[in-house]
């Protein structure tokens, strides 16, 4: 049976193979956060476009910057304001952060290191050439590529695009993720369930996860445990860029998803992974589209989406798959597991004395959505080490959007 790392790599490889050319659209920059660039972003001019002071202080000639020297201030330079003068021997000009360094000056002394008496400025320390100055073009040269196609736009990337005047950006369209739940016991979230029915929380969770991952969710509702209806729903789902099915992938009499997909010509890459929850996870391709069959228990659905569906959405968005954001935290308590599978246990991470500390939460198995809603992470316990002492450092996967 595949490890979750091996299964994840197989998903990424398969989706890269079947991904065709991606459609693009042009958006106002303010609406492009989280989207993926389709064209390179280049510098429209040198950055900075002038020798820029990075301190409030006095612009001067470095050779004049001798402790105890007194210079004559010949003017003041604000950010965005020009200065026609030239700083000569024995002279300086007061300058603000972000302002252009005047001709003749090659260093800036911080205002904290001088004493001022009218036009007389006395230095308390020396300065070297280029001190507190960013030279023109030091950050980027005109025409230089700043962001490559495939870059996801976060706040820093958007600020950079704004700086170079890209009020509109070309980005790849979000992939459409068809979302289908299955099961005769499932009813709409707005319905009053019977004593043996459950509301369709999985589709709600999957639509939210798809949006957090960069896709546009396309909910298809719920398919009953009947082949003809299930086939009709799946064929609708294959019109999207990827299809995510929850439920119907275990070994029960009415778990029909794999059977129907096979009849539609699906090629399966895997149908189980060595994890708990989520062992019966299925992945394959059908009619050139990635298809995921996720176990129907809600915690299994959430874990397998994060491990396997999220990187596929990255690829279909035109980006490189983002690595799992696994980090290490100190265990707050001893832990003893018994399994040949890698466990993803609902957990709570908090900051204790400046370090992350993780506690596994008591839970009732893969249907326990109440406990997952109290968690902010999953504690990962591999079969190579099942017994843990309090204080040991353990692997933690944050819940998407919470840490």
Q) With the Cα gyration tensor of region 275-403 giving a ≥ b ≥ c as the square roots of its eigenvalues, does the rule (a/c under 1.5 for rounded; else a/b larger than b/c for prolate; else oblate) give rounded, prolate or oblate? A) prolate
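Expressed as a rounded percentage, what relative contact order does the chain have, with Cα pairs under 8 Å and six or more residues apart?
Working: 924 pairs, mean separation 63.6, N = 403.
So the answer I get is 16 percent.
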Q.
Below 8 Å between Cα atoms, with a sequence gap of 6+, how large is the relative contact order for region 327-398 in percent?
A. 48 percent
Q | Fewest-first ranking of 50, 270, using other Cβ atoms within 10 Å as the exposure measure | A | 50, 270
Q: Please find the FRET efficiency linking residue 364 to residue 327, where r is the Cβ-Cβ separation and R0 is fixed at 30 Å, and quote it to the nearest 0.05.
A: 0.65
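With 10 angstrom as the radius, rank 203, 359, 262 by how many other C-beta atoms surround their C-beta, starting from the fewest.
262, 359, 203
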Q: Could you state the angle between the C-alpha long axis of helix 4-18 and the longest principal axis of the C-alpha atoms of the chain, as a value from 0 to 90 degrees rounded to the nearest 10?
A: 80 degrees
Q) Using Cα atoms only, what is the angle between the long axis of helix 201-213 and the major principal axis of the chain, expressed in degrees (0 to 90) to the nearest 10? A) 30 degrees
Q: Go through 365-371, 294-300 and give me the packing order, highest mean Cβ count within 10 Å leading.
A: 294-300, 365-371
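Among 36, 189, 108, which comes first, second and so on when ranked by fewest other beta-carbon atoms within 10 Å? Intermediate values should be presented prior to the final figure.
On the way: 36 23, 189 11, 108 29.
Result, fewest neighbours first: 189, 36, 108.
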(Q) Could you order the peptides 116-123, 8-15 from most to least packed, using the average number of other C-beta atoms within 10 Å per residue? (A) 8-15, 116-123
Q. At what distance in angstrom do the alpha carbon centres of region 233-289 and region 61-98 lie from each other?
A. 71 Å
Q. Does region 327-398 classify as rounded, prolate or oblate by the C-alpha gyration tensor (a ≥ b ≥ c root eigenvalues; a/c under 1.5 gives rounded; else a/b over b/c gives prolate, otherwise oblate)?
A. oblate
**Q.** Computed [θ] at 222 nm, deg cm²/dmol, the chain (DSSP H ≥ 4; -39,500 (n - 2.57); rounded to nearest 500)
**A.** -5500 deg cm²/dmol
Q. What fraction of the DSSP beta bridges in the chain is antiparallel, stated in percent and rounded to the nearest 5?
A. 70 percent
Q: Taking the chain as the reference, fit the longest principal axis to its C-alpha atoms, fit the long axis of helix 227-237 to the helix C-alpha atoms, and give the angle between the two in degrees, 0 to 90, nearest 10.
A: 20 degrees
Q. What distance in nm separates the simple spin-label points at residue 76 and residue 385, each placed 7 Å from Cα in the Cβ direction?
A. 6.1 nm
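Computed from the coordinates by the stated procedures, all read-outs in this text should not be read as laboratory data. Quick caveat: nothing in here was measured; it's all calculated off a predicted structure. Positions of Cβ are generated from backbone atoms using ideal geometry, with glycine treated the same way; all protein chains shown enter the neighbour counts.
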